[in-house]
Amino acid sequence: MQKKEIRKTVVHLLKKNFREVYTNNAFVKNLKESPSVVVSIPNENFELLSVLPRYSKATIVLKIEILKKQTLEIEEEIENETDKIIKLMTLNNDLLKVLDSIKLQKIEYDYDAEGDDVVGGSQIIYKLTYTKEG
């Protein structure tokens, strides 16, 4: 499974639960009270396990960002949406079948003003590993 396929699988999973799911921050134009979710894989590394047959261990950093326009309960709403994504990722059989491991690395919350709008959000960072042949 390549990083493109992993990202596609994660996006498909999240689209079942969120209306606005993107693979690039550039697509997030107008934030609404409903969350926008951005999935990216900024990093992929390989470690050679054997030469013949050739096997590598791939490690991917998967970043899922939630962005939302300010509401009265923004902090609680962002935490709830973050928890929902963590549960979805933990219970996703499609990913669990092809990956050696899925580890939650960290969660960061951020609430600040961008122009006239106050924005809230979180970043959920996972470390994914899988074995690649060839």
Quick check on the chain: what are the equivalent-ellipsoid semi-axes from the Cα gyration tensor, as sqrt(5λ), descending, whole Å? 32, 14, 12
Suppose every Lys and Arg Cβ carries +1 and every Asp and Glu Cβ carries -1, with no other charges. What dipole size does the chain come out with about its Cα centre, to the nearest 20 debye? 980 debye
Potential lengthening between THR90 and ILE102 on full extension [0.36 nm per residue; Cα-Cα distance subtracted]: 3.5 nm
Dipole axis of the chain (+1 Lys, Arg; -1 Asp, Glu on Cβ), positive-most option in ALA58, MET89, TYR109: ALA58
With Cα springs under 10 Å, the Gaussian network model of the chain assigns the largest mean-square fluctuation among LYS32, LYS106, LYS97 to LYS97
Can you order the peptides 48-54, 35-41, 88-94 by their average number of other Cβ atoms within 10 Å per residue, highest first? 35-41, 88-94, 48-54
Once the Cα atoms of helix 3-15 and of the chain are each reduced to a long axis, what angle between those two axes, in degrees from 0 to 90 to the nearest 10, is obtained? 40 degrees
Do you know the relative contact order of region 3-129, to the nearest whole percent, from alpha carbon pairs under 8 angstrom that are 6+ apart? 24 percent
Gain on full stretching of the segment that runs from LYS132 to LYS57 - 0.36 nm per residue minus C-alpha separation: 26.4 nm
Place the peptides 77-84, 59-66 in order of packing, highest mean first, counting for every residue the other Cβ atoms within 10 Å and averaging per peptide. 59-66, 77-84
What spacing in nm lies between the two simple spin-label points modelled at LYS32 and GLN2, each 7 Å away from Cα in the Cβ direction? 3.3 nm
Helix-only estimate, please: 222 nm mean residue ellipticity of the chain, summing -39500 (n - 2.57) across DSSP H runs of length 4 or more and dividing by its residues, to the nearest 500. -8500 deg cm²/dmol
Helix 74-90: angle to the longest alpha-carbon principal axis of the chain, degrees 0 to 90, nearest 10? 20 degrees
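FYI, it's all coordinate maths here, none of it is from the lab. Owing to the predicted nature of the structure, the values given are computational and were not obtained by experimental measurement. Cβ: placed from backbone, ideal geometry, glycine included. Neighbour counts: every protein chain shown.
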